[in-house]
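Down below is the structure, laid out as structure tokens.
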Amino acid sequence: MLPTKGVRYEFELRAGDTPTCAVYDVRVIDAADTVTCVVEVGAETATFVGTHDGIGARATQVLALARTIARHADGGPWPRRVTRWRQPGVR
């Protein structure tokens, strides 16, 4: 289901074999479009893997949300799925 307002960010674990690094498939969904990318999350960083065309201005938000996943990885398993929603005008 597409959001009618705002943006939904869905992170799905692709690989998380080590406690210090995980790779997530990310979907950025709004009322007009769905765009995908891949993000690698480390203990201190988050970076795009490959291209992230179409993400545009939301790239910063994707990386910021990915870094919040890293903060919760304190030696435990990486979350399999994380969903975040941002209402219009919220960064």
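Odds and ends about this structure:
- Dmax and Rg, reported as Rg then Dmax, of the range 7-76 (C-alpha, Å): 11.8, 38
- E40 paired with T83, simple spin-label distance in nm, labels 7 Å along Cα-to-beta-carbon: 2.9
- Positive contributions from Lys and Arg (+1) and negative ones from Asp and Glu (-1), summed over other residues with Cβ under 10 Å from the Cβ of I29, come out at -1.
Readers should treat all values here as calculations from the given coordinates under stated rules, not as data from a laboratory. Keep in mind that what you see is a predicted model, and the values were worked out from it rather than measured. So basically every Cβ, Gly included, is an ideal-geometry build from the backbone, and we count neighbours across all protein chains shown.
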